[in-house]
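Colleague: Take a look at this one; I'll ask things after.
The values are calculated or read from the model by the stated rules, or taken from the named source; none is laboratory data. Because the structure is predicted, anything quoted here is derived from the model rather than measured. Neighbour counts are summed over all protein chains in view; Cβ atoms, including those assigned to glycine, are modelled from backbone coordinates with ideal geometry.
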Amino acid sequence: MAIAPNQKIAIVGAGNVGATIAYACLVQGVGRALVLYDADRKKVEAQALDLNHGLQFVPAASVDGSNDPAICANADVIVITAGAKQKPGQTRLDLAAANVQMCRDLIPKLLRVAPEAILLLVTNPVDVITYVALKLSGRPPASVFGSGTVLDSSRFRFLIAQRCRVSVANVHATIVGEHGDSEVPLWSSATIGGVPLHEWAVPGHGKPSVHDRAEILQNVKQSAYRIIEGKGATSYAIGLATAQILAATLRDESRVMPVSALLNDYRGISNVCLSVPRLVNRSGVEAPLPAAMNQAEELGLKNSAEAVSAVIRSLGF
């Protein structure tokens, strides 16, 4: 579907992630008005200027940047990337207290200027921050959601494709639960070109063993830590992933994506934000889909919910 010319994306945080999301949106023609908001005036203005200098080479759009939250006025979607950075050796959950405090200050400011905006959380720990943003905003649960395990699932598919020497476009596999160490791979429903992964045995393209599966999951979990250790932050893949979430939202695609949003009585899980497959469209997110899981995967999802819930409770929510 065509995007209306006045659809506006506000990106909060002009660091590596925020700027790369803006860049990915420009290249893919997602949104027509992009604004960056950051407390660091020089940085946000410089990021906006740099992006503006490339407008000749992308679909028609406008870009602006400011340290005044008023720049987010009337945004259709507000993407929140601001917050303390994950340091080498830190888990995403270690960031919780600092970034929750940031939300307490930030969410009211944003909603004063864009009270009807969909809130898309990217700041880590994204499941905890999504839950906190939902409670602080008072917005309907459908309009507050996080990037969740969209990136984890992309990493998962890449590693399966690499192991089986096939195009990643032909791999369909999903990570659910926390965007973090307790995430759960849905091996039982993974496919390559419609062939269930547990039946995949193509000459020259391998058959993933139990050891392969363990190694793939470990690599998915460790990917961010490796990137942070090597270059300080992840940016490109999360930028592309977030641009796809924004495209599904603004274009009203009803695309199935494992985003993080409030669960209530989903396989016995309630009052926590976690990633399971949902339809993403102009209304935000719809009810979670009844994703196929075996008993071990369902137990893993419940354990993941408890890990995230424990952090939420420790923060007073």
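Colleague: With the requirement that a residue be among the polar types (S, T, N, Q) and either in contact with a Leu (Cβ under 6 Å, 6 or more places away or on another chain) or part of a loop (DSSP other than H, G, I, E, B) (or both), what does segment 181-190 give you?
Modeller: Across segment 181-190, the qualifying residue is only S182.
Colleague: Which of (1) without any contact (Cβ under 8 Å) to a residue 24 or more places away in the chain; (2) farther than 14 Å from P258 by Cβ is the odd one out, the single condition R157 does not satisfy?
Modeller: Status for R157: all satisfied but (2).
Colleague: Could you please let me know if L279 is within 22 Å of P140 (Cα to Cα) and in contact (Cβ under 8 Å) with a residue 24 or more places away in the chain?
Modeller: Spelling it out, L279 is indeed within 22 Å of P140 (Cα to Cα) and in contact (Cβ under 8 Å) with a residue 24 or more places away in the chain.
Colleague: Taking segment 99-122 only, how many residues are of a type outside the set (K, R) and either part of a helix (DSSP H, G or I) or closer than 15 Å to I312 by Cα (or both)?
Modeller: 12
Colleague: Consider only pairs whose beta carbons are under 6 Å apart and that are at least six residues apart or on different chains; among these, list those whose first residue lies in segment 101-120 and is over 26 Å from N281 (Cβ atoms) and whose second residue is surrounded by 15 or more Cβ atoms within 10 Å (Cβ to Cβ) and not hydroxyl-bearing (S, T, Y).
Modeller: Between residues of segment 101-120 that are over 26 Å from N281 (Cβ atoms) and residues that are surrounded by 15 or more Cβ atoms within 10 Å (Cβ to Cβ) and not hydroxyl-bearing (S, T, Y), the close pairs are M102/G83; K109/P69.
Colleague: If you scan segment 282-317, which residues turn out to be part of a loop (DSSP other than H, G, I, E, B) and touching a residue at least 12 places away in the same chain (Cβ under 8 Å)?
Modeller: Pass one, segment 282-317, residues part of a loop (DSSP other than H, G, I, E, B): 282-283, 286-294, 315-317.
The answer is R282, S283, E286, P288, L289, A291, A292, M293, N294, L315, F317.
Colleague: Just the residues that are surrounded by fewer than 21 Cβ atoms within 10 Å (Cβ to Cβ) and outside any loop (DSSP other than H, G, I, E, B), please, taken from segment 270-281.
Modeller: Correct list: L279, N281.
Colleague: Pairs, please: C-beta under 6 Å, at least 6 apart or cross-chain, first residue assigned by TED's automatic domain parsing to the domain that holds A19 and farther than 16 Å from V12 by Cα and in segment 43-62, second surrounded by 12 or more Cβ atoms within 10 Å (Cβ to Cβ) and modelled with pLDDT under 95?
Modeller: A61/R32
Colleague: Another one. Has segment 224-236 got at least one residue that is assigned by TED's automatic domain parsing to the domain that holds E183, of a type in the set (S, T, N, Q) and surrounded by fewer than 17 Cβ atoms within 10 Å (Cβ to Cβ)? Write out each step before concluding.
Modeller: Step one: of segment 224-236, the residues assigned by TED's automatic domain parsing to the domain that holds E183 are 224-236.
Adding the requirement that they be of a type in the set (S, T, N, Q) leaves 234-235.
From what is left, the residues that are surrounded by fewer than 17 Cβ atoms within 10 Å (Cβ to Cβ) are none.
No, every residue in segment 224-236 fails to be assigned by TED's automatic domain parsing to the domain that holds E183, of a type in the set (S, T, N, Q) and surrounded by fewer than 17 Cβ atoms within 10 Å (Cβ to Cβ).
Colleague: Over 23 Å from T81 (Cβ atoms) and loosely packed, with under 14 Cβ neighbours inside 10 Å: does that describe V166? Steps first, please.
Modeller: Values: over 23 Å from T81 (Cβ atoms): yes; loosely packed, with under 14 Cβ neighbours inside 10 Å: no.
So V166 fails the test.
Colleague: Quick check on segment 200-208. Is at least one of its residues under 30 Å from D76 (Cβ atoms) and not assigned by TED's automatic domain parsing to the domain that holds Y23?
Modeller: As a first pass, look at segment 200-208 and keep what is under 30 Å from D76 (Cβ atoms): none.
Within segment 200-208, not a single residue is under 30 Å from D76 (Cβ atoms) and not assigned by TED's automatic domain parsing to the domain that holds Y23.
Colleague: Among the candidates L315, L250, L240, L246, which residue alone is touching a Cys at 6+ places or on another chain (Cβ under 7 Å) and either within 18 Å of L121 (Cβ to Cβ) or surrounded by 14 or more Cβ atoms within 10 Å (Cβ to Cβ) (or both)?
Modeller: L246
Colleague: Same structure, new question: Right, G31: outside any strand (DSSP E or B), surrounded by 15 or more Cβ atoms within 10 Å (Cβ to Cβ) and touching a Cys at 6+ places or on another chain (Cβ under 6 Å) or not?
Modeller: For G31, the condition - outside any strand (DSSP E or B), surrounded by 15 or more Cβ atoms within 10 Å (Cβ to Cβ) and touching a Cys at 6+ places or on another chain (Cβ under 6 Å) - is met.
Colleague: Sticking with this one: Would you confirm whether or not segment 21-28 contains a residue that is at pLDDT below 95, out of contact with any Cys (no Cβ under 9 Å at 6 or more places or on another chain) and either aliphatic (A, V, I, L, M) or assigned to a helix (DSSP H, G or I) (or both)?
Modeller: Looking through segment 21-28, none of the residues is at pLDDT below 95, out of contact with any Cys (no Cβ under 9 Å at 6 or more places or on another chain) and either aliphatic (A, V, I, L, M) or assigned to a helix (DSSP H, G or I) (or both).
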